[in-house]
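S.K.: One structure coming up, written as structure tokens, with questions to follow.
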Amino acid sequence: MSGLRRALLALAVLAFLCGAATVPIILGSNHEDSRGLLVALTLSTGWGFAFTGLYAWARRPDSKIGPLMTAIGFTFFCQGFAAANNPVLFAIGTVGSTLPYGILIHLLVSFPSGRLEGQRAKLTVGLGYLVTGPLQLIWAVLTDPGTKSDCTNCPENPVLVSGYEGVAEAIVVFQVVAGIAAILLGLWILVSNWRQSPASERRALTPVVVTGGIAFAILVVQLILVQFGLPTAVKDVIYAAVVTIFACLPFAFLIGLLRSRLGHAEEVSTALSAENAELTAELEAKVAELRASRHRIVEAGYAERRRVERDLHDGAQQRLMALTMNLRLARDKVDAEPAMAAELLDEALVELGEATAELRELARGIHPVVLSDRGLQAAIGGLAERSPVPVEVLETPAERLPAPVESATYFVVAEALTNVARYAEASGATVRVARRNGAVEVEIRDDGIGGADPATGTGLRGLEDRVAALDGELSVESPAGAGTRVEARIPCG
Amino acid sequence: MEDNRPVSKSVLIVDDHPSFRASARRMLEASGYAVVGEAADGEAAIAAVGALAPDLVLLDVQLPDLSGFEVASRLAALGDGRPAVVLTSSRDRAEYGGEVEDSPVRGFIPKAELSGSRLAELTG
């Protein structure tokens with residue numbers, strides 16, 4: 001058991017003993033008229049607040065609500081002590097009997113957070129404590145109970161400072177007026193808080209607003225009517241109402257507090273649901289992107305095969321057809337027109353050379369042999385050499401990288417340089433490939449016209465997919481008139 | 001292949017590859033044909049037939065705008081005076097299914113086998 005739990009348990013035992021102690025005191029009182037009602041009021045309210053307060057304290061140790069409720073419970077036993085025939089107990093009871101109402105105002109105004117929000121709340125609570133604490137003490141010191149019509153059998157005041165009855169009377173008037181003002185202010189704040197609260201918090205405030213509102217209203221009525229010296233029967237009815245409503249109050253606070261926990265749980269649950277929905281949407285977007293990217297990769301594969309077929313058909317195959325016809329014609333002419341046959345053979349050799357070059361270029365487009373044989377440095381050097389736009393290779397990694405990374409890097413550079421030559425109208429370009437922090441960073445810059453849009457070109461989009469397949473990223477910056485910068489970052493362990 | 005008229009030797013070569021057109025021209029001229037024109041696509045071919053009235057059209061199947069089959073159909077619709085058409089392609093005849101047989105043409109010669117004698121076999 002924790003230290004706090006032990007202390008709270010000790011306080012619970014103490015509260016029980018204090019409450020129990022008030023019973024014989026009240027019942028043996030020779031100056032209290034409504035002894036039964038006072039026992040009921042003291043025990044139901046004192047024990048009610050003390051035990052529910054200690055429970056709330058244990059459940060929410062970080063909140064002031066539990067300690068405030070417990071304090072109300074303990075100070076409420078002073079109502080019982082005020083019935084004592086013993087002068088000291090009577091004096092203690094009289095001084096402390098109003099204090100629970102001050103604490104109650106504090107509790108109502110700060111419920112359910114336990115904090116006093118704003119000047120208005122602080123002033124209200126301050127006024128409540130002033131009336132029920134220091135002023136009550138001063139009044140008790142200055143008042144001789146023997147002079148009071150309703151307290152003729154009361155014990156002597158052991159700390160009486162006599163001769164200030166007028167001051168004491170003034171204090172009482174001020175207490176009544178200021179007390180009513182504090183209560184009304186407290187009610188106002190409570191209702192305002194309720195109206196401004198979200199639905200989840202209203203659930204916590206409603207039982208307290210209803211019960212507290214009724215309790216305060218009855219208290220105000222009692223405060224006012226007591227000044228007129230009412231008959232005992234009327235006083236008893238009001239007293240019974242006070243007993244009933246005050247007995248309900250601690251439970252209203254406890255229900256409110258538990259509901260606020262529930263409300264908090266609902267808020268957490270709502271927040272979690274929202275977060276969950278957000279994550280699900282994010283995941284769905286990722287899946288959709290992945291599906292689209294996979295679709296594009298497959299499409300790109302087909303498109304690439306179509307391109308290879310078309311390149312072969314339009315290029316090398318046509319040259320080989322022409323070559324065949326020239327050779328056949330040369331064969332037919334070799335006897336009759338040897339000069340023409342020789343000319344045809346020369347043309348055939350040129351066709352053959354061009355067909356071979358086209359096949360080599362095509363093969364390089366499918367997979368550059370120099371890349372697998374000699375690595376990125378040599379392959380990118382070759383790209384730079386063949387580029388019609390002057391290209392300066394600033395940096396390339398000397399060491400070999402994983403084949404898929406080398407391949408993706410090569411094609412990023414190749415596609416970017418092709419675009420530079422086709423569209424950029426650049427006078428020069430630079431290529432930088434560096435291995436940093438577990439990734440290959442590729443950058444191709446040119447000084448051309450800019451304005452490239454990766455969304456419109458299949459080449460860059462295809463590269464984006466190729467790079468993304470390796471968990472990499474590709475970005476293109478191409479402001480109009482300020483050149484183009486293609487950057488890729490490909491993780492490579 | 002319903003067109004069996006005898007043909008003379010004026011030829012229009014229709015192909016989008018200049019190297020093939022040049023080789024075919026040389027081949028056909030060496031075989032005694034008179035190559036009266038060349039066209040690089042289907043529309044140009046139809047226009048050239050109207051302008052040059054060749055006896056024979058050597059027509060590539062794969063053209064940039066129209067297919068050779070479409071061009072052959074439109075030429076067949078010209079009625080009297082329409083040229084005999086022979087299709088050619090770098091692909092095999094089998095790759096076109098029954099399209100060659102269904103076309104109003106004299107026949108099909110793979111480009112690799114093109115010669116004056118093959119053309120003469122088909123066109124009489």
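S.K.: Being in the same structural domain as residue A:431 (by TED's automatic domain parsing) and more than 21 Å from residue A:418 (Cβ to Cβ) is the filter here; which residues of the stretch A:337-373 pass it?
M.R.: Once the filter is applied, which keeps residues that are in the same structural domain as residue A:431 (by TED's automatic domain parsing) and more than 21 Å from residue A:418 (Cβ to Cβ), the stretch A:337-373 yields only A:373.
S.K.: Kindly indicate whether any position in the stretch A:382-400 is within 14 Å of chain B (Cβ to nearest Cβ) and in a helix (DSSP H, G or I).
M.R.: Step one: list which residues in the stretch A:382-400 are within 14 Å of chain B (Cβ to nearest Cβ), which gives none.
Checked the stretch A:382-400: no residue is within 14 Å of chain B (Cβ to nearest Cβ) and in a helix (DSSP H, G or I).
S.K.: Taking residue A:424 as meeting all but one of (1) on the phi > 0 side of the Ramachandran plot; (2) in contact (Cβ under 8 Å) with a residue 24 or more places away in the chain; (3) out of contact with any helix residue (DSSP H, G or I) (no Cβ under 9 Å at 6 or more places or on another chain), write down the number of the exception.
M.R.: The one condition residue A:424 does not meet is (1).
S.K.: While we're looking at this one, here's another question. Could you please find all residues in the stretch A:161-170 being of a type in the set (A, V, I, L, M, F, W, C) and under 8 Å from residue A:142 (Cβ atoms)?
M.R.: Just the residues of the stretch A:161-170 that are of a type in the set (A, V, I, L, M, F, W, C), to begin with: A:161, A:167-168, A:170.
Residues satisfying the conditions are A:161, A:167, A:168.
S.K.: Please verify whether residue A:327 is more than 60 Å from the chain's Cα centre (by Cα) and in contact (Cβ under 8 Å) with a residue 12 or more places away in the chain, treating the condition exactly as stated. Break it down into steps so the answer makes sense when it comes.
M.R.: Details: more than 60 Å from the chain's Cα centre (by Cα): yes; in contact (Cβ under 8 Å) with a residue 12 or more places away in the chain: yes.
The answer is yes for residue A:327.
S.K.: From the list A:319, A:296, which one is assigned to a helix (DSSP H, G or I), in contact (Cβ under 8 Å) with a residue 24 or more places away in the chain, surrounded by 11 or more Cβ atoms within 10 Å (Cβ to Cβ) and within 14 Å of chain B (Cβ to nearest Cβ)?
M.R.: Details: A:296 fails: within 14 Å of chain B (Cβ to nearest Cβ).
Selected residue: A:319, the only one of A:319, A:296 that is assigned to a helix (DSSP H, G or I), in contact (Cβ under 8 Å) with a residue 24 or more places away in the chain, surrounded by 11 or more Cβ atoms within 10 Å (Cβ to Cβ) and within 14 Å of chain B (Cβ to nearest Cβ).
S.K.: Exactly one condition in (1) within 14 Å of chain B (Cβ to nearest Cβ); (2) touching a residue at least 12 places away in the same chain (Cβ under 8 Å) is not met by residue A:253; state its number.
M.R.: Failing condition for residue A:253: (1).
S.K.: With the requirement that a residue be hydroxyl-bearing (Ser, Thr, Tyr) and touching a residue at least 12 places away in the same chain (Cβ under 8 Å), what does the stretch A:1-56 give you?
M.R.: Residues of the stretch A:1-56 hydroxyl-bearing (Ser, Thr, Tyr): A:2, A:22, A:29, A:34, A:42, A:44-45, A:52, A:55.
A:22, A:29, A:34, A:42, A:44, A:45, A:52, A:55 - these are the residues of the stretch A:1-56 that are hydroxyl-bearing (Ser, Thr, Tyr) and touching a residue at least 12 places away in the same chain (Cβ under 8 Å).
S.K.: Additional query: Could you pull out the residue among A:359, A:312 that is modelled with pLDDT of 80 or more and within 12 Å of another protein chain (Cβ to nearest Cβ)?
M.R.: Details: A:359 fails: within 12 Å of another protein chain (Cβ to nearest Cβ).
The match here is A:312.
S.K.: Which ones in the stretch B:100-121 are in a strand (DSSP E or B), buried (at least 18 other Cβ atoms within 10 Å of the Cβ) and within 14 Å of chain A (Cβ to nearest Cβ)?
M.R.: The one that is in a strand (DSSP E or B), buried (at least 18 other Cβ atoms within 10 Å of the Cβ) and within 14 Å of chain A (Cβ to nearest Cβ): B:109.
S.K.: Can you tell me how many residues in the stretch A:423-439 are out of contact with any Gly (no Cβ under 9 Å at 6 or more places or on another chain) and part of a strand (DSSP E or B)?
M.R.: Residues meeting the conditions: 7.
S.K.: Which of the residues that make up the stretch B:39-74 are surrounded by fewer than 21 Cβ atoms within 10 Å (Cβ to Cβ), under 26 Å from residue B:98 (Cβ atoms) and of a type in the set (A, V, I, L, M)?
M.R.: Selection gives B:46, B:66.
S.K.: Being of a type in the set (Asp, Glu) and surrounded by 14 or more Cβ atoms within 10 Å (Cβ to Cβ), is that true of even one residue in the stretch A:307-316?
M.R.: Restricting attention to the stretch A:307-316, the residues satisfying the condition of being of a type in the set (Asp, Glu) are A:309, A:311, A:314.
Next cut, surrounded by 14 or more Cβ atoms within 10 Å (Cβ to Cβ) only: A:311, A:314.
Yes: one or more hits.
S.K.: Out of the stretch A:322-336, which residues are farther than 15 Å from residue B:20 by Cβ, surrounded by 15 or more Cβ atoms within 10 Å (Cβ to Cβ) and more than 8 Å from chain B (Cβ to nearest Cβ)?
M.R.: First pass over the stretch A:322-336, keeping only residues farther than 15 Å from residue B:20 by Cβ: A:330-336.
After this cut, where a residue has to be surrounded by 15 or more Cβ atoms within 10 Å (Cβ to Cβ) as well, the list is A:330, A:332-333.
Residue satisfying the conditions is A:330 alone.
S.K.: Does residue B:81 qualify as being surrounded by 24 or more Cβ atoms within 10 Å (Cβ to Cβ) and closer than 19 Å to residue B:122 by Cα? Show your work before the answer.
M.R.: Working: surrounded by 24 or more Cβ atoms within 10 Å (Cβ to Cβ): no; closer than 19 Å to residue B:122 by Cα: yes.
No: the conditions fail for residue B:81.
S.K.: Report, by residue number, each residue of the stretch A:51-72 that is assigned to a helix (DSSP H, G or I) and of a type outside the set (A, V, I, L, M, F, W, C).
M.R.: Hits for the stretch A:51-72 are A:52, A:53, A:55, A:59, A:66, A:67, A:70.
S.K.: Also: If I ask for residues that are in contact (Cβ under 8 Å) with a residue 40 or more places away in the chain and either part of a helix (DSSP H, G or I) or touching a Phe, Trp or Tyr at 6+ places or on another chain (Cβ under 9 Å) (or both), which ones from the stretch A:217-240 would you list?
M.R.: Matches in the stretch A:217-240: A:219, A:220, A:223, A:224, A:232, A:235, A:236, A:239, A:240.
S.K.: Now for a separate question. Hey, could you check the stretch B:1-17 for residues that are facing chain A (nearest Cβ under 10 Å) and crowded, with 19+ Cβ neighbours inside 10 Å and say which is modelled with the lowest pLDDT? Lay out the reasoning, then the answer.
M.R.: Our first condition is that a residue be facing chain A (nearest Cβ under 10 Å); within the stretch B:1-17, this holds for B:15-17.
Pick out the ones that are also crowded, with 19+ Cβ neighbours inside 10 Å and you get B:15, B:17.
Numbers: B:15: 95, B:17: 88.
Going through the qualifying residues, I end up with B:17.
Let's see how each residue does on (1) under 41 Å from the mean Cα position of the chain (by Cα); (2) touching a residue at least 40 places away in the same chain (Cβ under 8 Å):
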site	(1), (2)
A:67	yes, no
A:78	no, no
A:85	no, yes
A:99	yes, no
A:108	yes, yes
A:120	yes, yes
A:132	no, yes
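S.K.: Show me the helices (runs of 4 or more DSSP H) found entirely inside the stretch B:18-99 where at least 2 residues are away from chain A (no Cβ under 14 Å). Steps first, please.
M.R.: On the way: elements: B:18-30, B:42-52, B:68-76.
It comes to B:42-52, B:68-76.
S.K.: On to the next question. Can you name the residue in the stretch A:340-356 that is more than 26 Å from residue A:386 (Cα to Cα) and more than 12 Å from chain B (Cβ to nearest Cβ) and is also farthest from the chain's Cα centre (by Cα) among such residues?
M.R.: Here the residue is A:342.
S.K.: From the list A:61, A:67, A:87, exactly one residue is in the same structural domain as residue A:19 (by TED's automatic domain parsing), at pLDDT 90 or above and surrounded by fewer than 21 Cβ atoms within 10 Å (Cβ to Cβ). Which is it? Break it down stepwise before answering.
M.R.: Values: A:61 fails: at pLDDT 90 or above; A:87 fails: at pLDDT 90 or above.
The conditions single out A:67.
S.K.: Collect the residues in the stretch A:388-406 that are out of contact with any Leu (no Cβ under 7 Å at 6 or more places or on another chain) and of a type outside the set (A, V, I, L, M), keeping them in residue-number order.
M.R.: A:388, A:390, A:392, A:395, A:399, A:400, A:402
S.K.: Here is a list of conditions, (1) at pLDDT 85 or above; (2) surrounded by 15 or more Cβ atoms within 10 Å (Cβ to Cβ), and residue A:204 meets all of them except one; can you say which number that is?
M.R.: (1)
The values are calculated or read from the model by the stated rules, or taken from the named source; none is laboratory data. Source: prediction; values computed, not measured. Counting neighbours? That spans all protein chains shown, and the Cβs are built from the backbone with ideal geometry, glycine included.
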